[in-house]
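**Q** Structure provided below as structure tokens; questions to follow.
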Amino acid sequence: MVLVFCCFVSWPASGQDSPSLDSLESVYASGNFDPAKKLYILRELAVNHPDTEKKLHYSQELIKNADVLDSTSALFQGLLERGNALRLKSDLSSALQSYFDAAKIVGEGKDSRQLGVVYIAIADVYAIMGNHQNAVNYHQDAIRILRKGTDSLSIASALLNAGDEYINFGKLDSALIYTLEAESMFGRINYPLGEAYSLGNMGMIYAKMGDDRQAEAKMNEAIVLLEQMREHYPIAVYLNYIADIYLEKGENATALVYAKRSLALSQKNGLKQQVSEAYLKLSQIYEKIGNLAESFRYYRNHITYKDSVNNIVSVQQMADLRTNFEVSRKQIEVDLLNQQKKNQQIIVIATAVATVLIAILAFGLFRRYRFIRETNLIIEKEKNRSESLLLNILPKETAQELKLHGKVQAKRFDSVTVLFADFKGFTQYAEKLSPEQLVEKVDFYFSRFDEIMQKYGLEKIKTVGDAYMCAAGLPFPTADHARQMVMAAMEMAEIVRNAQSTLTDDPAFEVRIGINTGPVVAGVVGTKKFAYDIWGDTVNIASRMESNSSPGKINISETTYALVKDYFDCEFRGELDVKNKGLMKMYFVKGVLLGNPVTR
């Protein structure tokens, strides 16, 4: 679900207190105003009107009058607001064209701030269309352009929308970094609308992290602020999210109330995308309640609205075919009337007409065949993509069980080796680096850790912030899981050490690694937002081994040491006091013993 936050390009101040929106609308309708203020009044109405249809109307009026009065700034604002209104109406192709027209006016060499704003809008439309690569590219360009200036509002807006795109990607760490910076900037400039969006987006991030209490509190707080500002679009999105939280908890009646509020608000304000989402959520709720008739009715409405939003190209193709056919038919009738007295020519014309009709029919059938073929290719591509994404977050056997039975039984493994790794001083580094640099740097290390996991056949469990967790000996038990994990840990530490000497432009991280071996229970968390995870005291002790390790060191427990002591040179650290565990023996892995099976 894409939640677009639109920041507005500032307008020259009039030196007076701005009148209320209702009074401005009345003044414009009456025509009783100073003609010199016409563009100002239209701009205020186009930017701030909560009714989508009226917003579109006033933005069109602003474009027309700006063109007459030769005002480039007013023309830009009109095109931008027309794009915003069309986006709210889910006319995405027209919205995109309007934004591109606005971008042509300001060009990168003229007003970089305005160009940054319109790049944000273009990125958001691509995000709604599902073109995530274009969305990310335009968001990054907008942030790059806006950081050159001092307009905190526009920079914060770009960061917030980029964070929202990362929410849709499932990259919650990146989303959190961008949203927190945006929230801080909105607070410094005292911009309540931006703070409200930031609160709501924080709620969505907490929801995806599984913290329902924080998620509901943040989104409800955002809704209260947005209701005061009559911002209907984000309210509809957040209401639907809260409905999903209650549905997950089994509180179906409360979920129904929130989903119906979202639907009513979206219908009243012509928000087709949100209407479609609300219908889908209501269908899911009624299905869980057991009212299949209502579930089917709402799902059918969801498909109708979804098609009206997503199938713009197909609708245009159908309209073109119909137009071509009607034009051809009318031309045939004219030709026949003009040639009634000439039988021979009538025969020729009839033959030509038949040929044209056959050609049109053949052309139509060909286009239909090509459309079906392309649609099947898209479906197959998306199926393969979904399969790849599922295998990226779940072990292959677990994913197969999930597809066959719709759920995964938790399994106990008697001997598994668990590794935790994190970076020393990550919080201090986060304060020194920009969000883009921080995400890039963490991704540099984690990508290489992933390669090591694949090399040794280990299972990556999850990452939380700067923490990396993996396990050996599951989903299939192996005899040498402890050795394989220690070998992987040594390579992880080596990669970080090498990076310290090569990445001279940035502060270098130092990694701490902890390992423990023992029994665990493994399974899938949740029913919709799946996550493969492991539980047990073994996991807790592995975490303690990491927190009691030193930068650049691999700290292992006594149980792991018993399994690897014949293969690795280990240094006994003594018995250290561990939180909630008492005294525990720990060892530092110093290297591989020469002559052991690992080195042969």
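The values are calculated or read from the model by the stated rules, or taken from the named source; none is laboratory data. Computed from a predicted structure; not experimentally measured. Backbone-built Cβ (ideal geometry, glycine too); neighbour counts: all protein chains shown.
**Q** I'd like to know if the stretch 392-412 contains one or more residues that are under 25 Å from G518 (Cα atoms), at pLDDT 80 or above and surrounded by fewer than 20 Cβ atoms within 10 Å (Cβ to Cβ).
**A** Looking through the stretch 392-412, at least one residue is under 25 Å from G518 (Cα atoms), at pLDDT 80 or above and surrounded by fewer than 20 Cβ atoms within 10 Å (Cβ to Cβ).
**Q** Pairs please, first residue from the stretch 430-459 and free of Cβ contacts under 8 Å to residues at least 12 places away in the same chain and under 23 Å from E165 (Cα atoms), second anywhere and of a type in the set (F, W, Y) and not in a helix (DSSP H, G or I), Cβ atoms under 9 Å, 6+ apart in sequence or on different chains.
**A** Filtered contacts from the stretch 430-459: no entries.
**Q** So, in the stretch 533-572, of the ones that are surrounded by fewer than 22 Cβ atoms within 10 Å (Cβ to Cβ) and of a type in the set (S, T, Y), which residue ends up farthest from V464 (Cα to Cα)?
**A** Selected residue: Y567.
Residue-by-condition table, conditions (1) outside the structural domain of R297 (by TED's automatic domain parsing); (2) more than 28 Å from L21 (Cβ to Cβ); (3) part of a helix (DSSP H, G or I):
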{"site": "M204", "(1), (2), (3)": "yes, yes, yes"}
{"site": "A215", "(1), (2), (3)": "yes, yes, yes"}
{"site": "N220", "(1), (2), (3)": "yes, no, yes"}
{"site": "A236", "(1), (2), (3)": "no, no, yes"}
{"site": "L256", "(1), (2), (3)": "no, yes, yes"}
{"site": "Q267", "(1), (2), (3)": "no, no, yes"}
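**Q** If you don't mind, another one. Among what's in the stretch 42-63 and is over 13 Å from H232 (Cβ atoms) and β-branched (V, I, T), pick the residue that is modelled with the highest pLDDT.
**A** Result: I63.
**Q** Restricting to the stretch 57-107, what's the tally of residues that are assigned to a helix (DSSP H, G or I) and over 22 Å from N131 (Cβ atoms)?
**A** So the answer is 24.
**Q** Assess whether L159 counts as being touching a Pro at 6+ places or on another chain (Cβ under 9 Å) and either more than 24 Å from Y468 (Cβ to Cβ) or part of a helix (DSSP H, G or I) (or both).
**A** Yes.
**Q** For A488, indicate whether it is part of a helix (DSSP H, G or I) and either closer than 27 Å to L180 by Cβ or among the basic types (K, R) (or both).
**A** Against the criterion (part of a helix (DSSP H, G or I) and either closer than 27 Å to L180 by Cβ or among the basic types (K, R) (or both)), A488 does not qualify.
**Q** Looking only at the stretch 416-441, filter to residues that are surrounded by fewer than 16 Cβ atoms within 10 Å (Cβ to Cβ) and polar (S, T, N, Q); which one of those is farthest from the chain's Cα centre (by Cα)?
**A** Q428
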